[in-house]
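Student: Mind looking over this structure? Questions follow.
The numbers here are math on the coordinates, done by the rules we state, and not lab data. These numbers were taken from a predicted model, which means no experiment stands behind them. Please note: Cβ atoms are built from the backbone with ideal geometry, for glycine as well, and neighbour counts cover all protein chains shown.
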Amino acid sequence: MTISQTGAIQRAAALLGKNPVIHGFTVLSDQDVPELDTHAYVMRHDASGARLLYLPCEDENKSFSIGFKTPPADDTGVFHILEHSVLCGSERYPVKEPFVDLIKSSMQTFLNAMTYPDKTVYPVASTNEQDLMNLASVYMDAVLNPAIYTKPAIFEQEGWHYELDVPQGGQLEDGTLRYNGVVFNEMKGALSDPMDVLDNAVTAALFPNTAYAHESGGNPRAIPQLTYQDFLDNHARHYNLANSYITLYGDLDADRMLAFLDDEFLSRDNAASRACAGDPNPLERQEPVVCDYASIQMDTTPENALVGMAYVLGDALDRKRIVAADLLMDSLMGSNEAPVKKAIMAAGLGGNVTYYTAGDMLQPYGLIMLQNAKPQVARQLRQIIQDECRRLVEQGVPRDRLEAAISNDEYDLRQRDYGIADGVAISCDVLSTWLYDDDAATLALSYTPIYAELRRELDGTYFEDLLRDLVLESDHNALAELIPTGAASAALDADAADAADEDELENADLETGAPSADAGEAAELAAIKASLTHEQLQQIVDDVERLRAQQEAEDSPEAKATLPRLHVSDIGPARPEPKPVLDTATPLPCLKHNIPTHRLAYALTYFDISHLSYAELPYVTILSRLMQQLATKRRSAAELDSYIDSNLGFLSFRAEVISQPNWKLAAPKLTVAAGALSEKIDALAQIPAEVWSETLFEDIDRIHDVLVQMRIGAEQSFLNAGHAAALARAMSYVSPASVVAQQLSGVDFYRFLRDLLDNFDERKEDLVAKLQELQTRIFTSTNTVTSFTGSDDDYQRYWKVAGNLGLTPRTAPAKELYVPMPEPRREAFIIPSDVCYVARSTDPRVLDIQMDGTWAVAAQAVTYEYLWNEIRVKGGAYGCGFRAMMDRQLAFYTYRDPAIDPSLERIARAGEWLSTFEPTQDAFEGMVVSCASGFDAPIKPYALTKRQDNECFAKRPANWRLELREQLLKATPEDLRQLGKTVTRVAEAAPACVFGGRDIIEASHADLVPVDLLA
């Protein structure tokens, strides 16, 4: 298989084909990668030892990435803290927050850094080549010459430090000692998620003698054990060029970029190479080990009980086996009809079962996780998995399920929708093999031969043999359980007794009597404080004041001047965007999109639900979720599941609300969206209609299982995305559209769902009747609009097969969608977490605030010039922001925040700060450039389709985005200052909502009403 010789590839061939050594790089190998329409060049920098992979292609969204192998030796999270810290200033760019400066002043389409279990990656992307060079320069200097060696405050800010909270009028000895730090608080939030805690326990059990036994992000109980000297030592040993992996991607000038890297960094005497103190930590394979049973206790709600059964899949470099194992487990666990998941659910061991593959490591593993687990079912779960796998090995894994898994993967691979810039995703993917073998730089990219081979293997016993090896004859697996505190002792004692009866305690790894993290931390801090003298306590207070002074100090003009910046003149005109056309000649009105799709097609059908009553809306969400989960008139649930996956890339049913220009109106819809390969157009036209018109609501047990899964999913979202839940809830205090949204999702729907489940036996017959009724009332042609994206030929073929999609006009009488008026509630929802999420949110139309493009620049300024320093840097929250979504939302939020009141106080001062905002001309232009690039960033075909559809339904003017872009380009600092009073009014008038831990909420003096959400 070959690729077309595009301009970027031709230029790369002309440059590198004739010059096996260029700018200090030796080209070691090159090959076509048709899966990505690229050609790969693998190089090595002779002087520094840096590895480089260059992937030229026609993608205008170019990327640069540098990564380092960083396997941890303990749980202090040193590499996570380093990931944050190196981006806090460097030798060449001596400003406090170059990372933030780049966010607010560049055309970046991606700018971040990630800590994995064995590597740390720093990728950037931009559509502007000079901007990419600027980003790469700042990142290279950050990782090689960071300011951490001369500014210990960076370690204190990003890692951890002591703080002493002294009551007003009290003595130092009366104060409460606590830890603070950005990573410390981030990991408190992360490890409030029981699923993360269980996954950590599983990896520790599977890989006890390797780096994977440690929490690479850092355990809050261990983070304070990290010393500043160990922090520096780990940087010196790991952030050196011989331990680095650089990836270049896209349509860029390779000659210029390679020369830049060589001249500016790779051939220089960098601080990292000068300070190198020894070899990096080893990354070794774990010899097979079986953990018969491990447990961990956690202070969380009983519903968060979990059991995990994990199997090591093989070696990362054995790509066929790893891909096959992932496909196999997806076919067995990927849906409610998958045979292993179905067997577990039928046994009634818990509320839901999930599966995922942890593939970004030397020895990938698969984890089957039972959620909302009943007590004492761990070994029963393992037995069911083994029994069902044994049956499948003997009788054969259903080929329709394997074919569906392969087809679904192939669709995803063709769609290439990574959710981030392609080059960034690819630069991370290549490290899943390259990190472990210098000759495997492209191994993870060349998947076509593997899928072709696996399709041939469907005719033999390959998959049965693999399943036998992975599960039935596994010599590398672990069974782990997370037991919520309270029910822990009895359950654990009973399980231990069972194990003893079975003579299994020999290999058990029981962890009993562990105190909660908060209790252990409080006791530790109390003991530390008791050991400190008055002078030492004063020193802590003085150190915090010193740290605050450094955080509040402005960068000097000279330091600011070092940062590379773009100007408005650098960004060019707006990219033309194809507009949809409403075709009324089709059987149903259709928004036709002329967007290139890589031989894919998308069909969406929007059903009006404004004729339903308000009380019926939660049932619409349940109806949407049950579609595809139940049998239809012509197929069983299992047959339908495989049929959909074999023929469609995706099929989704979702209730949503589209806000209208009049803020008091809402346009709720049930959206059916599907995607398929161009050659599957018939299925795209037929399958969604079969599902919405023929689904049978007869399987009461399955309906109950799905409802439980929905409840568990909602609870997970409150825990992991509390800021989104708080923002949505706060909006419902003022916006009728958001009141409707809460009835379809969010807190109101969750409460409805909990009540339905608590009274399921009494309500199940009425539920079925209501779902059947709604099916006939919603899926009609009345007020229905469709949308299609694909080639003209696909469009014609689609409508030829689809006809009117089997829809007829609605005959049932319309009910009144009477939406209750919003009312402020001042709620603080208690969730099992060690952090909180604070939100103030309002619809600007409620306050009669006129929005234009200037607000985009104001939001950028408030977020990164003010809130970032006040709430993240000083307050220790992991995230924060100010949103100004055009005539839809003005909002403040915090993410994984250690406290409520300090953040609310800082939010209250945001408008005053904006009123006095006086940036330099260069800084302000950079801010404008960054905002404009957000409008210009490339967007994937399906996302563009959905955005344009929503704009049509919201009755946006045809050129509204261009008008906003022009407005923000004309913004001035004075325009932003004029918005200061309005921002103050928003901070005062926008209702607040909080999701957070009980202790944090009870410690707040804010006017909030605590609500135990999960009780």
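Student: Which stretch or stretches of segment 814-835 have amide N atoms under 17 Å from the point lying 7 Å from Tyr614's Cα along the Cα→Cβ direction?
Tutor: 815-825
Student: Another question, if that's okay. So between Ala943 and Ser531, what do we pick up on full extension, going 0.36 nm a residue minus the alpha carbon distance? Don't jump to the answer; show the numbers that get you there.
Tutor: Details: separation 412, 0.36 × 412 = 148.32 nm, distance 5.78 nm.
Extending this stretch completely gives an extra 142.5 nm.
Student: Continuing with this model, one more query. Within segment 597-802, what is the number of lysine pairs with alpha carbons under 27 Å apart, leaving out pairs fewer than eight places apart on the same chain?
Tutor: 10
Student: Can you give me the Rg/Rh ratio for segment 213-356, using Cα atoms for both radii and the Kirkwood formula for Rh?
Tutor: On the way: Rg = 23.0 Å, Rh = 21.0 Å.
Value, to two decimals: 1.10.
Student: Additional query: If we count other beta carbons within 10 Å of each Cβ, what is the order of Glu156, Glu679, fewest first?
Tutor: Details: Glu156 20, Glu679 10.
Ordered by Cβ neighbours within 10 Å, fewest first: Glu679, Glu156.
Student: Using the Karplus curve 6.51 cos²θ - 1.76 cosθ + 1.60 with θ = phi - 60°, what ³J(HN,Hα) values do you get for each residue of segment 758-769, in whole Hz, with x for Gly and Pro?
Tutor: 5, 10, 4, 4, 6, 10, 5, 5, 5, 4, 4, 4
Student: Turning to a different aspect of this structure: Contour minus end-to-end for Glu264 and Asp230, with contour as 0.36 nm per residue of separation and end-to-end as the Cα-Cα distance? Let's see the in-between values first.
Tutor: Details: separation 34, 0.36 × 34 = 12.24 nm, distance 2.85 nm.
Full extension from Glu264 to Asp230 adds 9.4 nm.
Student: If you find the alpha carbon centre of segment 745-821 and of segment 516-556, how far apart are they in angstrom?
Tutor: 56 Å
Student: What lysines does Lys874 reach when the alpha-carbon gap must be under 29 Å and sequence neighbours fewer than 8 apart in one chain are set aside?
Tutor: Lys96, Lys104, Lys119, Lys151, Lys188, Lys529, Lys560, Lys981
Student: Another question, if that's okay. Which value, in debye to the nearest 20, gives the size of the charge dipole of segment 377-486 about its Cα centre, when Lys and Arg are +1 and Asp and Glu are -1 at the Cβ? Present the calculation step by step, with values, prior to reporting the outcome.
Tutor: Details: 11 positive and 23 negative charges, 85 e Å.
For segment 377-486, the charge dipole is close to 420 debye.
Student: One-quarter of the Cα convex hull surface for segment 53-194, in nm²?
Tutor: On the way: hull surface 48.3 nm².
Result: 12.1 nm².
Student: What's the Cα-based Rg to Rh of segment 597-802, Rh via Kirkwood?
Tutor: Values: Rg = 17.7 Å, Rh = 18.2 Å.
So for segment 597-802, dividing Rg by the Kirkwood Rh gives 0.98.
Student: Rounded to the nearest 5, what % of the DSSP beta bridges within the chain are antiparallel ones? Intermediate values should be presented prior to the final figure.
Tutor: Working: 104 of 129 bridges.
Percent antiparallel among DSSP bridges in the chain is about 80.
Student: Roughly how many nanometres apart are two label points built 7 Å out from the Cα toward the Cβ at Gln10 and Glu912?
Tutor: It is 6.3 nm.
Student: Report, please, the projected area of segment 646-755 averaged over directions, based on the convex hull of its C-alpha atoms, in nm².
Tutor: Numbers: hull surface 37.5 nm².
Value for segment 646-755: 9.4 nm².
Student: Still on this structure, I have one more. In nm, what is the difference between 0.36 nm times the number of residues separating Gln660 and Ala523 and their Cα-Cα distance?
Tutor: On the way: separation 137, 0.36 × 137 = 49.32 nm, distance 5.38 nm.
Stretched fully, the Gln660-Ala523 segment lengthens by 43.9 nm.
Student: Here is a further query. Which of Leu226, Ser432, Gln130 sits farthest toward the positive end of the charge dipole of the chain, with +1 on the Cβ of Lys and Arg and -1 on the Cβ of Asp and Glu?
Tutor: The residue sitting farthest along the positive end of the dipole is Gln130.
Student: Roughly speaking, what is the centre-to-centre gap between segment 71-134 and segment 912-976 when only Cα atoms are used, to the nearest Å?
Tutor: 24 Å
Student: Would you be so kind as to identify which of Ala828, Pro902, Thr842 lies farthest towards the positive end of the dipole of segment 827-1012, taking Lys and Arg as +1 and Asp and Glu as -1 on Cβ and the Cα centre as origin?
Tutor: Looking along the dipole axis, the top candidate is Thr842.
Student: Then there's this: Which part of segment 684-711 falls in the paramagnetic zone of Ser652, meaning amide N under 17 Å from the point 7 Å along Cα-to-beta-carbon?
Tutor: Under cut-off, by backbone N: 688, 710.
Student: Counting Lys and Arg as +1 and Asp and Glu as -1, each charge on the Cβ, what is the dipole of segment 827-1012 about the Cα centre in debye, to the nearest 20? Let's see the in-between values first.
Tutor: Values: 21 positive and 27 negative charges, 116 e Å.
My answer is approximately 560 debye.
Student: From the backbone phi of segment 927-940, what are the Karplus-calculated ³J(HN,Hα) couplings (6.51 cos²θ - 1.76 cosθ + 1.60, θ = phi - 60°) in whole Hz, Gly and Pro given as x?
Tutor: Here the 3J(HN,Hα) series is 5, 5, 4, 4, 5, 5, 5, x, 6, 9, 4, x, 9, 5 Hz.
Student: Fewest Cβ neighbours within 10 Å first, please rank Met345, Met731, Met195, Met369 accordingly. Could you put the intermediate results ahead of the total?
Tutor: Working: Met345 22, Met731 28, Met195 19, Met369 25.
Ranking Met345, Met731, Met195, Met369 by Cβ neighbours within 10 Å, fewest first, gives Met195, Met345, Met369, Met731.
Student: May I ask which residue of Ala637, Leu670, Ile687 lies farthest towards the positive end of the charge dipole of segment 629-695, with charges of +1 (Lys, Arg) and -1 (Asp, Glu) on Cβ and the Cα centre as origin?
Tutor: Positive-most Cα among the choices belongs to Leu670.
Student: Take the eigenvalues of the Cα gyration tensor for segment 803-929, scale each by 5, and report the square roots as semi-axes in whole Å, largest first.
Tutor: Working: eigenvalues 260, 103, 47 Å².
Each semi-axis is the square root of five times an eigenvalue, giving 36, 23, 15 Å.
Student: Follow-up. On the first, second and third principal axes, largest extent first, how far apart are the outermost C-alpha atoms of segment 827-1012 in Å?
Tutor: Extents along the principal axes: 48, 39, 30 Å.
Student: A further question follows. Over the chain, what per residue volume does the convex hull of the Cα atoms give, in whole Å³? Before the final figure, lay out the partial values.
Tutor: Numbers: hull volume 172.9 nm³, N = 1015.
Each residue corresponds to 170 Å³ of Cα convex hull volume.
Student: If one computes the Cα centroid of segment 608-680 and of segment 324-349, what distance in Å separates the two points?
Tutor: For segment 608-680 versus segment 324-349, the Cα centre distance is 23 Å.
Student: Please rank His238, His567, fewest neighbouring Cβ atoms within 10 Å first, as an exposure proxy.
Tutor: On the way: His238 24, His567 12.
Ascending Cβ contact count within 10 Å gives the list His567, His238.
Student: What is the distance, in nm, between label points placed 7 Å from the Cα along the Cα-to-Cβ direction at Asn759 and at Glu988?
Tutor: My value for the distance between the label points is 4.4 nm.
Student: Along segment 251-261, what does the Karplus equation 6.51 cos²θ - 1.76 cosθ + 1.60 (θ = phi - 60°) give for ³J(HN,Hα), rounded to whole Hz, x for Gly and Pro?
Tutor: With coefficients 6.51, -1.76 and 1.60, one gets 8, 9, 7, 5, 4, 5, 5, 5, 5, 4, 5 Hz.
Student: Once the Cα atoms of segment 1-60 are picked out, what are the Rg and Dmax in Å?
Tutor: Taking only Cα atoms of segment 1-60, I get Rg and Dmax of 11.7, 36 Å.
Student: With both partners inside segment 827-1012, how many of the DSSP beta bridges are antiparallel, as a percent to the nearest 5? Intermediate values should be presented prior to the final figure.
Tutor: Working: 17 of 24 bridges.
Counting only bridges with both partners in segment 827-1012, antiparallel ones make up about 70 percent.
Student: Do me a favour and compute the ellipsoid semi-axes for segment 567-693 from its Cα gyration tensor, root of five times each eigenvalue, largest one first, whole Å.
Tutor: Each semi-axis is √(5λ); the values are 30, 24, 14 Å.
Student: Once you charge only the Cβ atoms, +1 for Lys and Arg and -1 for Asp and Glu, what is the size of the charge dipole of the chain about its Cα centre, to the nearest 20 debye? Working shown, then result.
Tutor: Working: 89 positive and 152 negative charges, 739 e Å.
Here the size comes out at about 3560 debye.
Student: How fast does segment 186-267 diffuse by Stokes-Einstein, in µm²/s, taking the Kirkwood radius from C-alpha pairs at 25 °C and 0.890 mPa s?
Tutor: Numbers: Rh = 16.4 Å.
For these conditions, the coefficient is 149 µm²/s.
Student: Something else about it: With a cut-off of at most 10 other beta carbons within 10 Å, and DSSP calling the residue loop, which GluC sites (Glu not before Pro) in segment 869-939 qualify? Please list them.
Tutor: Sparse-neighbourhood loop GluC sites (Glu not before Pro): none present.
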